[in-house]
Amino acid sequence: MTVAERKSLAEKWISVGRGKYDKIIVHCGALSLRDARELATHAEAIGADAISAVPSFYFPPRNIEELTKAIAEVASAAPKTPFIYYHNPGRTHVSVDMALFIQHAKTHIPTFAGIKWAASDLAGLLRCKALHGDSIALMWANDDVLLGALAVGIRSFNGTTYSFSTKTARSIVDAYKRGDTAGAAREQLYLKTVVDLLEEDGNWLQRHKAILEFLTGIPTGPARLPLPPLTDAAIKKLTLDYTKLQTDFEAEKARHIN
């Protein structure tokens, strides 16, 4: 998306989401730090509750000091708004010790408020929680292992499939809280199969958009190049596979209840 498109989208989320959501976090990361700063300034001006950003990653920060300086550039463009670092090394290839980064960021970024953790490193997340406790927000973003994060004390979750699988995610959390680990594991296994279905042929984003449109009726449009669009046949097969998966799971749940 262009900077102008991202601004327009953020404005729409703020206008329709205010009063419906507890917090609205606007992502401002970009390959260009100038673009990221422009988006951060705009997000603060329209009333975002927080901003977030991945680091610029074509020429990525190579260590904690470089990462902190780069992120501070973005955060300083919205000096009154909490900043959440988006840790997604699988996409950005920026991978430093997050526990040490948090310590450094607390000192050098006044608005630093937490991390959205999209890495698969649950042990690293646990180390951050052990060292920094509740002084910052730690948001787990791996939908297919939500239960694992719950088990180590994480209570904030920000996953992509929650746009259509909120009920399942809520069921995992509720079952865990009441001590029904078997029930939580069943719900988690179902959500894992949903994620696997979306990732089946490598076209994860396109398949997610197609399922979201199928379930909500909201036009999501095709992905943009270099991501190839899904064919009509592929979308039809995907929706049929998803419907069968959902039907089979509901039948399995009914057997356990009865």
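Looking at Ser56, Ser95, Ser52 in this structure, which one is of a type in the set (S, T, N, Q), open to solvent by less than 70 Å² (accessible area, probe 1.4 Å) and either part of a loop (DSSP other than H, G, I, E, B) or on the phi > 0 side of the Ramachandran plot (or both)?
Ser56
Exactly one residue among Glu252, Glu213 is more than 28 Å from Met1 (Cα to Cα), at pLDDT below 95 and part of a helix (DSSP H, G or I), and that residue is Glu252. Applying the selection to region 122-140, what residues are outside any helix (DSSP H, G or I), of a type in the set (A, V, I, L, M, F, W, C) and open to solvent by 20 Å² or more (accessible area, probe 1.4 Å)? Result: Ala137, Met139.
For region 143-178, taking the residues that are outside any helix (DSSP H, G or I) and among the charged types (D, E, K, R), the one that is modelled with the highest pLDDT is identified as Arg178.
The values are calculated or read from the model by the stated rules, or taken from the named source; none is laboratory data. As the structure is a computational prediction, the values presented were derived from the model and not from experiment. We work out accessible area using only protein heavy atoms, side chains counted, and drop any ligands, DNA or RNA first. Shrake-Rupley method; radii C 1.70, N 1.55, O 1.52, S 1.80 Å.
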